[in-house]
Amino acid sequence: MDEKLLTHLKKTFSEEVEAGGIKVSSVYLSGLNLEGNWAKKTLNYLCSGRRVFQGQNLYTKGACYAIRDQLTRGFISKNFYFQSGNKVNYDIGIRMIHKGAEVISKLAGAGTSWYDLKCETDVMLGESKDVEVVLKSFPEGDESNHLIRLVTFPERPKRACRINIRMYMENRDELKVEVTDRGLGELIPASGIMISETINLGYR
């Protein structure tokens, strides 16, 4: 098993470098199968020019869970919620009509680090010329709504205007929302008008 794991790691690390990837500088090993002294050759190889962390402690396990969620978005966050001073405690979405029914389209989930929160979507304006941002606190489930009025957008026929909604954060306290007029192809040229608003999340 030691030889098999060593061969696999050497091949994987080599392929990553050849593909233009970043050279592996740190390794986190967690799991009962890695306990004991059976992986001596593998550990010697990993410890050569790298930092290696091994064990069942919260630090090592947390790093493993975090990178797993980065590689496959939602794999961990569907079942676990990570909370810290850098995490957003809200599910963030927009209220919209889909197939005749009112729904909340979720764009970002609670447990996301504020500096990683970046989301963007295009939607068609319907009867209303407003965008309603919905914040749902976690774990309480309290909902708050923030209406962004597109008063400076040009008058358009109903359902004949596509808009881009972009959200991001520059600090943990404020959610930036930018709504841009995209028009409707050649039929209705985009004006390029953008309305930007800041929503205070109330952490202070």
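The values are calculated or read from the model by the stated rules, or taken from the named source; none is laboratory data. Here the structure is a predicted model, which means the values were calculated and not measured. Glycine also receives a Cβ, built like all others from the backbone with ideal geometry; neighbour counts cover every protein chain displayed.
The numbered conditions (1) closer than 19 Å to GLY100 by Cβ; (2) modelled with pLDDT under 90; (3) surrounded by 14 or more Cβ atoms within 10 Å (Cβ to Cβ) are all true for GLU132 except (2). Entry remark, segment 172-201: residues being without any contact (Cβ under 8 Å) to a residue 24 or more places away in the chain and under 19 Å from the mean Cα position of the chain (by Cα) number 2 in total.
Among the residues of segment 171-181, is any surrounded by fewer than 16 Cβ atoms within 10 Å (Cβ to Cβ) and over 30 Å from TYR65 (Cβ atoms)? The answer is yes, given that some residue of segment 171-181 is surrounded by fewer than 16 Cβ atoms within 10 Å (Cβ to Cβ) and over 30 Å from TYR65 (Cβ atoms). Taken over segment 117-141, the criterion of being under 30 Å from GLN70 (Cα atoms), of a type outside the set (Val, Ile, Thr) and out of contact with any Lys or Arg (no Cβ under 7 Å at 6 or more places or on another chain) is satisfied by LEU117, LYS118, CYS119, LEU135, LYS136, SER137, PHE138, PRO139, GLU140, GLY141.
The single residue among LYS23, LYS41 that is of a type in the set (D, E, K, R) and part of a helix (DSSP H, G or I) turns out to be LYS41. Scanning segment 140-153 for residues that are surrounded by 12 or more Cβ atoms within 10 Å (Cβ to Cβ) and assigned to a loop (DSSP other than H, G, I, E, B), we see that the one that is farthest from the chain's Cα centre (by Cα) is PHE153.
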